[in-house]
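Shown next, in structure tokens, is the structure this report addresses.
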Amino acid sequence: MARRRRKHVSQEDVARLIGVSTVWYGKLERGEPGNYSADLLDRTAITLRLNEDERAMLHLCCTGREPAQQTRPAGALSAGLRAVIDRQTWPAYVSDCAWDILAWNAPAQEWFPWIVYEQNLMRWVFTYPEARHQLHRWDTDWAPLMIAQMQFAHARLPDNFRLAALIREILACSAEAREMWSATSAVAVHPDGDVRGLCLPDRDEVIRAEIVALSPLRSSDCRLVMLVPVT
């Protein structure tokens with residue numbers, strides 16, 4: 001597909017991330033008829049970072065049917081909530097049940113410049129080398145607990161295709177994530193109240209911040225997260 005070629009990604013890489021054979025993906029890319037399930041097409045759409053229009057076209061071309069609607073938190077990003085985020089003096093952002101970041105404020109972008117080009121928190125944590133530097137004690141204080149959070153979320157929402165595809169992608173890309181996924185016995189639902197270390201861009205020192213996580217009553221699968229520096 002044109003999207004894959006623009007990003008210089010091989011058929012083998014895409015097939016591995018989707019979880020199918022190179023032969024299967026090659027047939028799809030060539031437009032050959034096949035028994036393409038909605039789940040596999042959605043996994044393909046997520047792997048190739050297709051937008052909603054491109055995802056719909058993929059389904060129509062392969063099955064003749066439009067895809068199911070994405071389930072994002074209804075009404076989560078109201079003008080009032082955006083104003084709350086923008087007025088915080090500390091980094092604040094809103095993410096959904098698959099850790100897609102839906103909105104953030106200026107301090108969050110200052111602390112985490114990657115947020116402009118990678119808007120999924122878990123994908124950044126496990127597939128971007130910079131995360132291992134910025135998240136102090138990544139291998140003990142951050143990554144294992146975030147793996148446990150994903151395991152809990154997947155058990156609670158087994159039919160959420162975006163969450164399932166994200167987990168497949170992370171496990172395919174990161175040997176460390178695969179090892180933690182198999183080995184962890186921890187149970188973690190959320191990080192609210194945790195105090196963890198961070199290395200900020202262009203600074204040498206490690207700061208400690210409390211993670212304050214809230215959920216709007218109108219959208220329980222949405223999270224408002226703030227990082228409050230502590231002494």
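Checked against (1) within 17 Å of the chain's Cα centre (by Cα); (2) at pLDDT below 90; (3) not β-branched (Val, Ile, Thr), Phe152 meets all criteria but (2).
Annotation note: Cβ proximity below 9 Å between a residue of segment 129-143 that is in contact (Cβ under 8 Å) with a residue 40 or more places away in the chain and a residue that is aromatic (Phe, Trp, Tyr) and in a helix (DSSP H, G or I) (sequence gap 6+ or interchain) occurs for Gln134/Trp111; Gln134/Trp114; Leu135/Trp142; His136/Trp142.
Condition first: buried (at least 16 other Cβ atoms within 10 Å of the Cβ) and either part of a helix (DSSP H, G or I) or on the phi > 0 side of the Ramachandran plot (or both). Now tell me which residues in segment 177-204 satisfy that. Result: Ala177, Met180, Trp181. Would it be correct to say that Ala209 is part of a helix (DSSP H, G or I), within 30 Å of Arg87 (Cα to Cα) and in contact with a Leu (Cβ under 7 Å, 6 or more places away or on another chain)? No; evaluated as a whole, the condition is false for this residue. Across segment 31-44, a minimum of one residue is classified as in contact with an Asp or Glu (Cβ under 9 Å, 6 or more places away or on another chain) and either charged (D, E, K, R) or surrounded by 15 or more Cβ atoms within 10 Å (Cβ to Cβ) (or both).
The single condition from (1) open to solvent by 20 Å² or more (accessible area, probe 1.4 Å); (2) in contact with a helix residue (DSSP H, G or I) (Cβ under 9 Å, 6 or more places away or on another chain); (3) assigned to a helix (DSSP H, G or I); (4) of a type outside the set (D, E, K, R) that Met146 fails is (1). If you check Trp99, Trp90 for being over 22 Å from Leu166 (Cα atoms) and in contact (Cβ under 8 Å) with a residue 60 or more places away in the chain, only one passes: Trp90. Being closer than 18 Å to Val225 by Cα and polar (S, T, N, Q), is that true of even one residue in segment 111-120? Scanning segment 111-120, I find at least one residue that is closer than 18 Å to Val225 by Cα and polar (S, T, N, Q), so the answer is yes.
Considering Asp194, Asp204, which residue is of a type in the set (Asp, Glu), more than 17 Å from the chain's Cα centre (by Cα) and more than 29 Å from Leu77 (Cα to Cα)? It is Asp204.
The values are calculated or read from the model by the stated rules, or taken from the named source; none is laboratory data. Please read these numbers as outputs of a predicted model, since none were measured by experiment. In this analysis, Cβ positions are derived from the backbone assuming ideal geometry, glycine residues included, and neighbour counts consider all displayed protein chains. Keep in mind that these areas ignore ligands, DNA and RNA; they rest on the heavy atoms of the full protein, side chains included. Shrake-Rupley method; radii C 1.70, N 1.55, O 1.52, S 1.80 Å.
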